[in-house]
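Q: Could you have a look at this structure, given as structure tokens, before my questions?
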Amino acid sequence: MNTNCSRREALTKMAGWAAGGIASSMAGPLALGHAAAGYAPVLSVQAYIWIQRFETQKKSLADGVDEMLSTFQRAGYRNVDLTDGFLAPTLRDRTLGLLKKYRLGMPTFYASSTLHDARMAEHSIKTIVELAQATKPSGVRGIVTNPSPKPHQARKTDEELALQARSLNTL
């Protein structure tokens, strides 16, 4: 079998599944025939665009979190995917309280990570695990992370990539 063809086919299938998930979540459980398998996608709104907005307004996360979450609730969202900045020790209790106030779930959160450098990987893992433990009682069931690149678009060495893979597995 042609490897490129199978990759292309796999990507096409994934794109179809993603589109199906969006359509199913909007059209109801019978859309696209997924109801029989118990298909129940969870749609979450991302906080990232609001972080950019706060930066242009020179507003801290603490100063903007209430406005952001109330807007999500008024727009009809039920779930939000926040970044780890909203879950920092100084803001965590307030953020979790506002999620309750606006009846928003947080099934996942985004956590920054640097996993190709041993010292930074250890710190990233420790921080992410602490956040996961602190937010699990609030309904968090998953963590989203995208290991950071090296500065100046430098390539990671094979050893750095191996460490990154081990670090991801540790998480």
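Q: Residues that are buried (at least 20 other Cβ atoms within 10 Å of the Cβ), in contact (Cβ under 8 Å) with a residue 40 or more places away in the chain and within 30 Å of Glu160 (Cβ to Cβ): does the stretch 88-109 have at least one?
A: No, the stretch 88-109 contains no residue that is buried (at least 20 other Cβ atoms within 10 Å of the Cβ), in contact (Cβ under 8 Å) with a residue 40 or more places away in the chain and within 30 Å of Glu160 (Cβ to Cβ).
Q: Report whether or not His116 is within 30 Å of Thr157 (Cα to Cα), in contact with a Ser or Thr (Cβ under 9 Å, 6 or more places away or on another chain), surrounded by fewer than 16 Cβ atoms within 10 Å (Cβ to Cβ) and of a type outside the set (D, E, K, R).
A: Against the criterion (within 30 Å of Thr157 (Cα to Cα), in contact with a Ser or Thr (Cβ under 9 Å, 6 or more places away or on another chain), surrounded by fewer than 16 Cβ atoms within 10 Å (Cβ to Cβ) and of a type outside the set (D, E, K, R)), His116 does not qualify.
Q: If you don't mind, there's one more thing I want to ask. Spot the failing condition for Leu131; the list is (1) in contact with a His (Cβ under 8 Å, 6 or more places away or on another chain); (2) assigned to a helix (DSSP H, G or I); (3) open to solvent by less than 50 Å² (accessible area, probe 1.4 Å), and only one is missed.
A: Tallying (1) in contact with a His (Cβ under 8 Å, 6 or more places away or on another chain); (2) assigned to a helix (DSSP H, G or I); (3) open to solvent by less than 50 Å² (accessible area, probe 1.4 Å), Leu131 fails exactly one: (1).
Q: Now for a separate question. Do you know which residues across the stretch 151-171 are touching a residue at least 12 places away in the same chain (Cβ under 8 Å) and either open to solvent by less than 50 Å² (accessible area, probe 1.4 Å) or of a type in the set (Gly, Ala, Ser) (or both)?
A: Within the stretch 151-171, Lys156, Glu160, Leu163, Gln164, Ser167 qualify.
Q: Tell me yes or no: at least one residue of the stretch 149-166 is under 14 Å from Ser112 (Cα atoms), of a type outside the set (Lys, Arg) and in a loop (DSSP other than H, G, I, E, B).
A: yes
The values are calculated or read from the model by the stated rules, or taken from the named source; none is laboratory data. From a predicted model like this one, the values you see are computed outputs, not experimental measurements. Cβ atoms come from the backbone with ideal geometry, glycine included; neighbour counts cover every protein chain shown. Side chains included, ligands, DNA and RNA excluded: accessible areas come from the protein's heavy atoms. Shrake-Rupley method; radii C 1.70, N 1.55, O 1.52, S 1.80 Å.
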